Amino acid sequence: MGRVLYAFGFDRIGVVVSDLYFVDPEPGEGQEGAERGVRIEVRMLERGRPPGSIYSAQPIAIGEPVWRGDLLESVVGPVGSFDRTHHHPAFSGWEPGRRHYVSELSADPMAWLTARLSDLDGLLVEAGLEPADAGPDDAADLRAATPEIVGAVERLLARVRAGELARPPAGDTALSARVGWL
């Protein structure tokens, strides 16, 4: 079973994108059953010092999440419905806040995601951080890379819908499952 993780790194901010198959063990009303799709997270990045010579590989840590977007659909629902699509505008450490459903996000996920990633300062403020928590060029660099990131999301969604990714694990997943990098 394949899993894919894309990572886009800037100075202090990164964006990670992965396919996801998910069954919530304690779903909210109307959220019962398996979900699948693509998860996007804006994360803090940490760059370590090369542990050896100038030629050694450099340690890179994908740190705490700042924001999460879940372009999910119920497995039993119609393809392309985006019926479980939501975002988490803030985290408390590693734990996401409640799901926020936005009609514009479900209606046109790629346009909404493009706008969201193009406003890093606003995203950080909504998450309870300061724009200064990012690197000096992170907002501009993320804005420039947004078409590439959104393209990766679209390719992953196509593979999810083709049945290649975000597949359930073997065994009983009726009560709980999480398959994916994020």
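No value in this document is a laboratory result; all are computed from the given coordinates. Everything quoted here is computed from the prediction, not taken from an experiment. Cβ sites come from the backbone with ideal geometry, for glycine too, and all protein chains shown count toward neighbours.
Note: region 5-179, Cα convex hull, 140 Å³ per residue. Each residue of region 88-103 was assigned a 3J(HN,Hα) from its phi angle through the Karplus curve 6.51 cos²θ - 1.76 cosθ + 1.60 (θ = phi - 60°); the sequence is 10, x, 8, 10, 10, x, 8, 8, x, x, 5, 5, 10, 9, 10, 4 Hz, with glycine and proline shown as x. Evaluating 6.51 cos²θ - 1.76 cosθ + 1.60 at θ = phi - 60° for every residue in region 44-57, the Karplus couplings come out as 7, 10, 10, 9, x, 6, x, x, x, 6, 4, 8, 5, 5 Hz, glycine and proline recorded as x.
Over the chain, with a Gaussian network built from C-alpha contacts below 10 Å, which listed residue (P136, P50, P78) shows the highest mean-square fluctuation? The residue that fluctuates most here is P50. If the chain linking A111 and Q31 were pulled fully straight, counting 0.36 nm for each residue of separation and taking away their Cα-Cα distance, it would gain 26.4 nm. When the chain is treated as a Gaussian network with alpha carbon springs shorter than 10 Å, the biggest mean-square fluctuation among V76, V153, V17 belongs to V76. Projecting the Cα atoms of P169, I40, H87 onto the charge dipole of region 5-179, computed from C-beta unit charges around the Cα centre, puts P169 farthest toward the positive end. Net length available on complete extension from S176 to Y55 is 39.1 nm, with 0.36 nm assigned per residue and the Cα-Cα distance removed. Placing unit charges on the Cβ atoms only, positive for Lys and Arg and negative for Asp and Glu, gives the chain a dipole magnitude near 600 debye about its Cα centre.
Computed 3J(HN,Hα) for region 27-38, one whole-Hz value per residue from the Karplus formula 6.51 cos²θ - 1.76 cosθ + 1.60 where θ = phi - 60°, is x, x, 4, x, 10, 6, x, 5, 10, 8, x, 10, glycine and proline marked x. Calculated mean residue ellipticity at 222 nm for the chain: -7500 deg cm²/dmol, from DSSP H runs with n ≥ 4 weighted as -39500 (n - 2.57), summed, divided by the residue count and rounded to 500. Close amide H contacts of R43 (hydrogens built in the peptide plane, cut-off under 5 Å, sequence separation of 5 or more or a different chain): G14, V15, V16, V66.
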